[in-house]
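The values are calculated or read from the model by the stated rules, or taken from the named source; none is laboratory data. Note that the coordinates shown come from a computational prediction; the quantities given were computed from them, not determined experimentally. Note that each Cβ is placed from the backbone with ideal geometry, even for glycine, and that neighbours are counted across all protein chains shown. Each accessible area value is taken on the protein alone, full model and side chains, heavy atoms only, with ligands, DNA and RNA left out. Shrake-Rupley method; radii C 1.70, N 1.55, O 1.52, S 1.80 Å.
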Amino acid sequence: MSEEELDLRELDDQELVEQMWDDLYDGLADEISEGTEILLERGWAPYKVLTEALVEGMRIVGVDFRDGILFVPEVLMSANSMKAGMAILRPLLAESGAPQQGKMVIGTVKGDIHDIGKNLVSMMMEGAGFEVIDIGINQSVEEYLAALEEHKPDILGMSALLTTTMPYMKVVIDTLKEQGIRDDYTVLVGGAPLNEEFAREVGADAYCRDAAVAVETAKEYMARKHNQ
Ligand code: B1M
């Protein structure tokens, strides 16, 4: 069947999800939006659409990016397609009606422009009842500090996707220590190349493997804070 003739609605769930992986790979934003809508209409939970169709599709893109089969312009189109799907899911994930939990400032560290993971964490945290101030990508220590000063959050979240940018998290945490304000915040870090050991070494409170873990960890720290 040619691309033009393909009717996404005629596919069963598994075929549709696999087609969405292909469409994400090919950077077809309209098709990703349509596939996302169809899965929701079929009763899929927003989080299931997010993880099984979108995040898994992006994992496949990442493998071929690593192996030199896909290049930056193509991966950018994949990222934009993923964002098209996320835009549909965002309000659904945010409307959980969860009680207000706390406030988080989050940003991707200096030198790093990857924002999909950070955006996902923001969406899920909002859905869990956190107020999220997303300060964006390529954030310097001065920008983090200014945001902390302005918004006075409970949690500082930092994201890094590159082995070359993840050490910058230590720069931020060391500066908080120098200024005597480290313990005013719970510092959570995440991103594909990180692990628990790294988080400990840089002085973060916790490493969050994915957005769901970020939510659980944030809730745990808020509960501890309230029990103090
Ligand atoms: Co980039 N890139 N990239 N890239 N890119 C990776 C990260 C890479 C692993 C690809 C590869 O080689 N396999 C590799 C890094 C290698 C390394 O450092 N060891 C890489 C590279 C090398 C590069 C460039 C240097 C390529 C170049 O220019 N030659 C360049 C760097 C640009 C820069 O930042 N200065 C670059 C550029 C890009 C694009 C612009 C094309 C695009 C980004 C678009 C965008 O974000 N708007 C891109 C993409 C899309 C990727 C991959 C394919 C996908 C990342 C992603 O969005 N994943 C990625 C391969 C991979 O990771 N497998 C790759 C989906 C997302 C849901 O997962 O971000 O891991 P993730 O987030 C998860 C968790 O990690 C966690 O929760 C999220 C949700 O579950 N999490 C947090 C993340 N942040 C958190 C913060 C928290 C908590 C949890 O705070 C509390």
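Ignoring ligands, DNA and RNA, what accessible area per residue does the chain give at 1.4 Å, in Å²?
50 Å²
Give the long-range amide H neighbours of PHE130: residues separated by 5 or more places, or on another chain, with amide H under 5 Å away, using H modelled in the peptide plane at 1.01 Å from N.
Amide H neighbours of PHE130: GLN101.
Using mean Cβ contacts within 10 Å as the protection proxy, how do 108-115, 14-21, 177-184 order, highest first?
With the highest mean Cβ count within 10 Å placed first, the list reads 108-115, 14-21, 177-184.
To the nearest 10 square angstrom, what accessible area does TYR144 show with a 1.4 Å probe?
Its heavy atoms expose roughly 0 Å² to the probe.
Calculated from DSSP H runs of 4 or more alone, at -39500 (n - 2.57) each and per residue, what is the 222 nm mean residue ellipticity of the chain, nearest 500?
Per the formula, -16500 deg cm²/dmol.
Lysine pairs in the chain with alpha-carbon atoms under 20 Å apart, 8 or more places apart or on different chains: how many are there?
Going through the chain pair by pair, I get 17.
Amide H of GLY111: which non-local residues (sequence gap of 5 or more, or other chain) have their own amide H closer than 5 Å, using H built in the peptide plane?
ASN138, GLN139
What list of ³J(HN,Hα) couplings, whole Hz, do you get for region 197-211 from phi and the Karplus terms 6.51, -1.76, 1.60, once you set θ to phi - 60° and write x for glycine and proline?
In residue order, the calculated couplings are 4, 4, 4, 4, 4, 7, x, 7, 6, 7, 9, 10, 5, 8, 5 Hz.
Provide the convex hull volume over Cα atoms per residue for region 3-96, in Å³. Present the calculation step by step, with values, prior to reporting the outcome.
Details: hull volume 8.4 nm³, N = 94.
Dividing the Cα hull volume of region 3-96 by its residues yields 89 Å³.
Roughly what would the spin-label model give for THR164 and SER140, points 7 Å off Cα along C-beta, in nm?
With each label placed 7 Å out from Cα toward Cβ, I get 1.9 nm.
Given a 1.4 angstrom probe, I'd like the percentage of the accessible area of the chain that is carbon and sulfur, rounded to a whole number. If you can, show how the numbers build up before the last one.
Working: 5950 of 11500 Å².
Here carbon and sulfur together make up 52 percent of the probe-accessible area.
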